[in-house]
Protein chains: 2
Amino acid sequence: MAGKEVAVLWLLAVLGYGSGGKVLVWPADNSHWLNMESILQELVVRGHEVTVLLPSCFLILNATQSSPFQFEVIEVPITKKEIATLLQEAFYFWFHEERAQPLWKGVYKMAQMLSKMEKVTKIICDEALNNKALMKRLKASNFDVLLADPLAPSGELIAEKLGIPFVYTIRFSMGNTVERLCGTLPAPPSYVPAIISRLTDRMSFLERLKNIFAYAAQDFVYHYFFWASWDQYYTDVLGKAVFEWPTTLCETMGKAEIWLIRTYWDFEFPRPFLPNFEFVGGLHCQPAKPLPKEMEEFVQSSGKHGIVVFSLGSMVYNLSDEKSNIIARALSQIPQKVSFLSSLKQLLGSWAFITHGGTNGIYEAIYHGIPMVGIPMFADQHDNIAHMRAKGAAVALDFSTLTTQDLADALKTVLNNSTYKENALRLSKIHHDQPVTPLDRAVFWVEFVMRHKGAKHLRPAAHHLTWYQYHSLDVLAFLFTCTAIAVFILVKCCVFCCRKCGKGIAKRKKE
Amino acid sequence: MAGKEVAVLWLLAVLGYGSGGKVLVWPADNSHWLNMESILQELVVRGHEVTVLLPSCFLILNATQSSPFQFEVIEVPITKKEIATLLQEAFYFWFHEERAQPLWKGVYKMAQMLSKMEKVTKIICDEALNNKALMKRLKASNFDVLLADPLAPSGELIAEKLGIPFVYTIRFSMGNTVERLCGTLPAPPSYVPAIISRLTDRMSFLERLKNIFAYAAQDFVYHYFFWASWDQYYTDVLGKAVFEWPTTLCETMGKAEIWLIRTYWDFEFPRPFLPNFEFVGGLHCQPAKPLPKEMEEFVQSSGKHGIVVFSLGSMVYNLSDEKSNIIARALSQIPQKVSFLSSLKQLLGSWAFITHGGTNGIYEAIYHGIPMVGIPMFADQHDNIAHMRAKGAAVALDFSTLTTQDLADALKTVLNNSTYKENALRLSKIHHDQPVTPLDRAVFWVEFVMRHKGAKHLRPAAHHLTWYQYHSLDVLAFLFTCTAIAVFILVKCCVFCCRKCGKGIAKRKKE
């Protein structure tokens, strides 16, 4: 954010103090923060007081810098450097090792890394909950709502401890398990592809088989590996009465009043959802501003061929020499000039966008109607590019086997085949033609929860059912049993009658 | 509508002609028209040209009266009187005969009436389609969208013949079958009560059993009785290529771009829905206007006790003397004055609303936050009152067994127990606190379809699946078969090994 904008927001925050509500924030690190920040800025503009609970080890937040938000720093015995190393380790694994080693070794390494991240989350949560002065201060502040990113647990636990309603802002949880199993979001496996499956909504028989396996595997992993360790933690913190079930992580997460999902139907395949789910994808996008002077000159100098924008996102700090050469050689084969950007503000006017497929970047491309060449790497990126490809606005490439020829061909396809541009423009039209902008909808529902102390009227009764009740398995089992008994009795009766008749006939024959 | 309003709308229609789009309308009769009319009026205000296809036998439309809409009258060999007689017959059956005779006789009578109504619908549709001049005129008019009420089929058939996209406005189809089976709207029977079941979203085991039976029965009836006769009709009209499946009614109805549902979460139990379903309940409600002089004097004369409004809707022309006496005696027991209304505009300021439970009236009560005494009679009315009762804003009574004491007690409960008023006000707050008003949302999506020639990006891929694919039954059957074969082979192998070992041991023992 530019200094002037911060100053204006800060002034608004000071002026608005007391007239609006009070928002507590449980953020997630890195690109997840970018999306949430847009909502928080708008909340400040509307006169609300925003307080961010900030673990001292988070990378992208700097509590000392001028900001329209207030910060409550949670001092944790972890350094930013340790977090950065952990992330680098994960990326190194995804880029170089994932396919290079046997499956069991990969899964073991992955589990190890997830376990480390879980430990970090628990340390942060411990430090927050055990800091009596902090908790007392938060309690006394009488917040109206807590806005949390459920990438890692804890936000909902703080909200429960403080007795305030909470709202989630989320792209998706791993395996969609939090939305599906805790939020009771229906996902028919016949046309709603599982997360990270790279499938679309039009699946063959084998793909639907794969999809069901993907759902089952994800549910299993998160039930038995991820949630299990948190359930005890939540029960310890929130307590339970004698004879009561323990308070589980999933039950607590399911109490979210509103789920702000970071996609919309320009990106998402149409699927069933619930009234407390709002699809607010692209809320961080803004109309293009005039380019800085040197950038404007660069674009002008490109002449009739225009420019192509290249960005692999905020998480990729450097590429290997080999990959860099492959990319450089491909980019030299097109007549367009290439801009390497870390910020995407300048995407408008570009003829194509070479992207890793992060949601934020894809939404900039949708917003401005730019076709894409996707080189996905990890997390949701493969899925994101699969979506854009299915909608005809992107060509997908494989980073691990990338050659100069692949990239050059993909670029030429996107630049010369006009259907890619047309489809990108179609998605852009859909994005801009909504009754209310995504940002206004997101802020509306946060404010709604503040005004009404929740949004219980949107909460489905499915939350009161067990999983077998939800799927009507008890009713079906009852009907099956009744039918079986009826058939059994009928058969017995028939057999009995036949025998009686048989005996009668035999008797008569004897006579 | 008052004369002045019509004049303004008419002027707007004339001025707006050519600047907006062209909307063709396939309406339904009676109270269904009231809701649709609000959308059409707003479309005219926004400069669109609205043409209503009007069967000459429809009761509430009068093509000769001054109106902001254009009418294309379909001359049918049925008189208004015949339609009125048919409806009277149905009401007489619902009021007096439904419970008085044995079940089979009731079902037979009901089937007879439905068959008569179906014949009327087919005659109307025939007259429209066979009127070559009319169809040519409609085709030449290049309409942008057709807005239809799918209470009876035909609207979607006209749209298909004209090659234009269509939008539905609907409270619900009988058995919800059109939304569920043609629109692929998910309805988990564990917490989404079947239509006319009078159940809520919180069901016991037995209620869930009843609910599953209700769904099964409704699907069966509409598959084999209602749709079957229309499928041939649609195939005949739309034609089919050799080797193609016939064009079914359900397939054609499923092509609706947007489904405007006449409820919202102030009324509806939270349930899963799809992106092309918009819940726009209460769009016909408007802020209260100053009362006419005599009405104002009547309200003032009621003093501190206020008034109670009594209305049994637009379809009940007269009550039996017995029922009238029961009601009159009950109303004399409360200190409030009672207003008997056919129009509900004056509901604001009333202390309670005695209603038959039609959706339009209930929404007036929600809009103004008035608690209700419900005396439901037929169609969705029992369900509507069950919803309001579950949300704590109404007391329900049984019309067929109604006594003076019942009504007097119910009125006293609603007037003296403040929770009813509080709940009604809570629903009113929910209704008024939406990002966009229901009417604006409804019109937005009609206009969206006009701008984009459809809303295909909201259409779930479920439409491409057969029913067994949708429920993943083929995948599950495959998995079951594989498992069965694997178990069979495993058992056979074990048996074989055991025998080998057994023989070996026996052999060695012998030696």
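Once R0 is set to 45 Å, what does the formula 1/(1 + (r/R0)^6) return for the Cβ-Cβ distance between B:ASP409 and B:TRP245, expressed as a FRET efficiency to the nearest 0.05? Mind showing how you got there, number by number?
Numbers: r = 57 Å, r/R0 = 1.27.
In this case the efficiency is close to 0.20.
Each residue of the stretch B:254-262 in turn: what ³J(HN,Hα) in whole Hz from Karplus with 6.51, -1.76, 1.60 and θ = phi - 60°, glycine and Pro shown as x?
Using θ = phi - 60°, the values come out as x, 7, 3, 6, 9, 10, 8, 8, 7 Hz.
Could you tell me how many degrees, from 0 to 90 and to the nearest 10, lie between the Cα long axis of helix A:321-331 and the main elongation axis, the longest principal axis, of the Cα atoms of chain A?
That helix lies at roughly 80 degrees to the long axis.
Using a/c under 1.5 as the rounded threshold, could you call chain B rounded, prolate or oblate? The axes a ≥ b ≥ c are square roots of the C-alpha gyration tensor eigenvalues, and prolate needs a/b larger than b/c, oblate otherwise. Before the final figure, lay out the partial values.
On the way: a/c = 2.07, a/b = 1.39, b/c = 1.49.
Since a/c reaches 1.5 but b/c is at least a/b, the shape of chain B is classed as oblate.
Using Cα atoms only, what is the angle between the long axis of helix B:438-452 and the major principal axis of chain B, expressed in degrees (0 to 90) to the nearest 10?
60
As a test of the formula, what do you get for chain A when each DSSP H run with n ≥ 4 contributes -39,500 (n - 2.57) and the sum is divided by the residue count, at 222 nm and rounded to the nearest 500 deg cm²/dmol?
On the way: 18 runs with 245 residues, N = 511.
Mean residue ellipticity at 222 nm (helix-derived): -15500 deg cm²/dmol.
Got a sec to turn the phi values of the stretch A:166-178 into Karplus ³J(HN,Hα) couplings, 6.51 cos²θ - 1.76 cosθ + 1.60 with θ = phi - 60°, whole Hz, x for Gly and Pro?
10, 10, 9, 10, 8, 7, 6, 8, 4, x, 6, 5, 5
Would you mind listing the distances between the A:THR79 label point and the same position in each other copy? Use 7 Å along Cα-to-C-beta, nm, one decimal, shortest first.
Output for A:THR79: 9.7 nm, nearest copy listed first.
Would you mind checking the stretch A:149-192 for residues with the amide N under 13 Å from a putative spin-label position 7 Å along Cα→C-beta of A:ASP219?
Residues A:176-178, A:180-182, A:184-190 fall inside that zone.
Specify which residue in the list B:ALA396, B:VAL495, B:ALA442 is farthest towards the positive end of the charge dipole of chain B, using unit charges on the beta carbon of Lys, Arg (+1) and Asp, Glu (-1), about the Cα centre.
B:VAL495
Chain A: which residue's Cβ hugs the A-to-B rotation axis most tightly, distance rounded to whole Å?
Axis-proximal residue of A, distance in whole Å: A:PRO272, 2.
To the nearest 100 Å², how much accessible surface do chains B and A cover up together, summed over both, with a 1.4 Å probe?
Numbers: alone 26400 and 26340 Å², together 48490 Å².
Separately minus together, B and A give about 4200 Å² buried.
Set the Förster distance to 22 Å, then compute FRET efficiency between A:ASN30 and A:GLU75 from the Cβ-Cβ distance, nearest 0.05. Mind dumping the intermediate values first?
On the way: r = 21 Å, r/R0 = 0.93.
So, using R0 = 22 Å, E works out to roughly 0.60.
With heavy atoms of protein chains only and a 1.4 Å probe, what residues of the stretch A:273-297 have at least 50 Å² less accessible area in the full set of chains than alone?
A:PHE273, A:PRO275
May I ask which residue of B:ASN417, B:ALA140, B:ILE326 lies farthest towards the positive end of the charge dipole of chain B, with charges of +1 (Lys, Arg) and -1 (Asp, Glu) on Cβ and the Cα centre as origin?
B:ASN417
Under 4.7 Å Cβ to Cβ, no partner at all: give me those cysteines from chain A, in residue order.
Cysteines of chain A left without a disulfide-compatible partner: A:CYS57, A:CYS125, A:CYS285, A:CYS482, A:CYS493, A:CYS494, A:CYS497, A:CYS498, A:CYS501.
For B:HIS463, which inter-copy label distances result when the label point lies 7 Å beyond Cα on the Cα-to-Cβ vector, reported in nm to one decimal and in ascending order?
Ordered by distance, the counterparts are at 3.4 nm.
Using a 1.4 Å probe on the protein chains only, how many percent of the accessible area of the stretch B:354-511 belongs to carbon and sulfur?
Working: 4930 of 7800 Å².
Carbon with sulfur: 63 percent of the solvent-accessible area.
Where the only charges are on Cβ atoms (+1 Lys, Arg; -1 Asp, Glu), what is the dipole of the stretch A:293-432 about its Cα centre, to the nearest 20 debye?
Values: 12 positive and 12 negative charges, 91 e Å.
Dipole about the Cα centre, nearest 20: 440 debye.
Rounded if a/c is under 1.5, else prolate if a/b is larger than b/c, else oblate: which is the stretch A:467-510, with a ≥ b ≥ c the root eigenvalues of its Cα gyration tensor? Present the calculation step by step, with values, prior to reporting the outcome.
Working: a/c = 10.95, a/b = 10.43, b/c = 1.05.
Prolate.
Taking Cα centroids, how far is the stretch B:166-238 from the stretch B:445-511 in Å?
29
Sequence-distant or interchain residues sharing an amide H contact under 5 Å with A:ALA379, placed H: which?
For A:ALA379, whose amide H was placed from the backbone, there are no distant partners under 5 Å.
What are the residues whose amide H is under 5 Å from the amide H of B:VAL338, where those residues sit 5 or more places off or on another chain and H is modelled from the backbone?
Here the answer is B:VAL308, since their amide H atoms fall under 5 Å of that of B:VAL338.
Round to the nearest 0.05 the FRET efficiency obtained for A:LYS289 and A:ASN62 when R0 = 35 Å and r is the Cβ-Cβ distance. Working shown, then result.
Values: r = 24 Å, r/R0 = 0.69.
Working from the Cβ atoms, E equals 0.90.
Put a point 7 Å out from Cα along the line to Cβ at A:ALA228; what are the distances to that point in the other copies, in nm, shortest first?
Sorted ascending, the copy-to-copy spacings read 5.4 nm.
Compute, for the protein assembly as shown, the length of the dipole vector about the Cα centre, with Cβ point charges of +1 (Lys, Arg) and -1 (Asp, Glu) only. Units Debye, rounded to 20. Could you put the intermediate results ahead of the total?
Working: 104 positive and 94 negative charges, 743 e Å.
Result for the protein assembly as shown is approximately 3580 debye, rounded to the nearest 20.
Work out which residues of the stretch A:191-229 lose at minimum 40 square angstrom of accessible surface when the other protein chains are put back, relative to the chain isolated, with a 1.4 angstrom probe, and list them by number.
Checking the loss per residue gives A:TYR191, A:ARG202, A:PHE205, A:ARG208, A:LEU209, A:ILE212.
What is the magnitude of the charge dipole of the stretch B:467-510 about its Cα centre, with +1 placed on the Cβ of each Lys and Arg, -1 on the Cβ of each Asp and Glu, and no other charges, expressed in debye to the nearest 20?
Numbers: 8 positive and 1 negative charges, 194 e Å.
In total the dipole reaches around 920 debye.
Please say if the stretch B:293-432 is rounded, prolate or oblate, where rounded means a/c under 1.5 for a ≥ b ≥ c the square roots of the C-alpha gyration tensor eigenvalues, and otherwise the choice is prolate for a/b larger than b/c and oblate otherwise? It would help to have the intermediate numbers written out before the result.
On the way: a/c = 1.31, a/b = 1.03, b/c = 1.27.
Rounded shape, in that the Cα axes give a/c under 1.5.
Based on DSSP, what percent of beta bridges with both residues in chain B are antiparallel, to the nearest 5?
On the way: 0 of 38 bridges.
So the antiparallel bridges in chain B amount to around 0 percent.
Which part of the stretch B:79-94 falls in the paramagnetic zone of B:SER115, meaning amide N under 18 Å from the point 7 Å along Cα-to-beta-carbon?
It comes to B:86-87, B:89-90, B:93, nothing else.
Could you list which residues have their amide H under 5 Å from that of B:GLU72, counting only those 5 or more apart in sequence or on another chain, with H placed in the peptide plane?
Under 5 Å from the amide H of B:GLU72: B:VAL52, B:LEU53, B:LEU54.
Once the Cα atoms of helix A:228-238 and of chain A are each reduced to a long axis, what angle between those two axes, in degrees from 0 to 90 to the nearest 10, is obtained?
80
The values are calculated or read from the model by the stated rules, or taken from the named source; none is laboratory data. The structure displayed is predicted, hence computed values, not measured ones. Backbone-built Cβ (ideal geometry, glycine too); neighbour counts: all protein chains shown. Please note that ligands, DNA and RNA were not included when accessible areas were found on the heavy atoms of the full protein model with its side chains. Shrake-Rupley method; radii C 1.70, N 1.55, O 1.52, S 1.80 Å.
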